[in-house]
Amino acid sequence: MEETGRLMARTRDEQGQRILEAASELLSKEGASALSVRRIAAAAGCSTMGLYSRFGGKDGVVDELYAEGFERLVGAMKGDHPTDDPLADLRRGAACYRDAALANATHYMVMFGGAVPGFVPSDASHELAHSAFGGLVGKVARCTDAGLFRGSPDEIAELLWGSIHGLVMLEIVGVNPMMSDPVARFDRALDVLFRGLARG
């Protein structure tokens with residue numbers, strides 16, 4: 001874990017952040033085929049050696065985008081401070097998740113959408129992904145403890161995440177067969193899920 005912390009400190013300096021932003025923009029505008037070390041370095045205004053020294057190559061840059069995406073999701077969820085209404089807190093947390101995903105759509109596609117074919121996250125990045133799930137389990141557990149939901153917090157959290165993720169992914173890729181308002185669709189889905197979970 002200490003080694004991961006040192007890596008983060010090295011890659012998240014000003015130059016490292018420019019590299020990540022350049023890679024994200026290239027991926028968003030031109031797709032995965034544009035992600036060569038040379039292209040990313042040129043777009044970031046640094047040498048290829050500067051990129052290699054921070055990330056070890058293209059795969060390291062992509063892995064850092066993956067990790068950064070989860071950090072932003074977790075940060076958005078943690079930024080929503082708990083109140084004495086766990087159900088309202090869970091709903092706001094879901095809204096924060098949607099907002100963070102839409103604001104970081106390129107990262108989200110790296111995390112979940114296979115934006116970079118063949119990419120496999122590092123063990124450290126997988127740990128970040130699991131911590132995001134743990135945060136959701138904690139919010140759900142407050143609802144089960146209060147008797148608002150019936151069932152295992154882990155299983156409920158998995159169901160909620162899958163449902164929320166599906167709606168967010170549809171919104172990011174522009175699939176809207178009913179031409180409905182995405183916000184209203186998201187809120188209605190939460191209403192349906194919460195009612196069902198209350199009945200167990």
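Taken together, the values in this text are just the output of simple stated rules run on the coordinates, not laboratory data. In this text the structure is predicted, and so the values were computed from the model without any measurement. Using ideal geometry, Cβ is built from the backbone for each residue, glycine included, and neighbour counts are taken over all protein chains shown.
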Q. Taking the Cα atoms of segment 98-193, what is the range of coordinates along each of the three principal axes, in descending order and whole Å?
A. 43, 40, 18
Q: Straight distance only, please: which lysines reach the Cα of K58 with their own Cα at less than 29 Å, same-chain residues fewer than 8 apart left out?
A: K29
Q: Sort V137, V173 so that the residue with the fewest other Cβ atoms within 10 Å of its own Cβ comes first and the one with the most comes last.
A: V173, V137
Q. What lysines sit close enough to K78 to cross-link, taking a C-alpha to C-alpha distance under 29 Å and skipping anything fewer than 8 places away on the same chain?
A. K139
Q. If you take the charge dipole of segment 7-156 about its Cα centre, with +1 on Lys and Arg Cβ and -1 on Asp and Glu Cβ, which of V110, H81, G147 is farthest toward its positive end?
A. V110
Q.
Counting other beta carbons within 10 Å of each residue's own, what order do E25, E30 fall into, fewest first?
A. E30, E25
Q. Taking the inverse of the average 1/r across all pairs of different Cα atoms in the chain, what Kirkwood radius in Å do you get?
A. 18.2
Q: Only Cα pairs under 8 Å and at least 6 apart count here; give the relative contact order of segment 65-167 as a rounded whole percent.
A: 33
Q) Relative to the first principal axis of the alpha-carbon coordinates of the chain, what is the inclination of helix 182-199, with its axis defined by its Cα atoms, in degrees from 0 to 90 and to the nearest 10? A) 50
Q: On a 0 to 90° scale, report how tilted helix 153-173 is relative to the longest principal axis of the chain, with both axes built from alpha carbons and the result rounded to the nearest 10.
A: 60
Q.
As a footprinting exposure proxy, order H130, H165, H81 by other Cβ within 10 Å, with the fewest listed first.
A. H81, H130, H165
Q) With charges only on Cβ, +1 for K and R and -1 for D and E, what is the dipole size of segment 96-200 about its Cα centre, in debye, rounded to 20? A) 340
Q.
Can you compute the helix-only [θ] at 222 nm over the chain? Use -39500 (n - 2.57) per DSSP H run of at least 4 residues, normalise by all residues, nearest 500 deg cm²/dmol.
A. -25000 deg cm²/dmol
Q: Give, rounded to the nearest 20 debye, the magnitude of the charge dipole that the chain has about its Cα centre when Lys and Arg contribute +1 at Cβ and Asp and Glu contribute -1 at Cβ.
A: 340
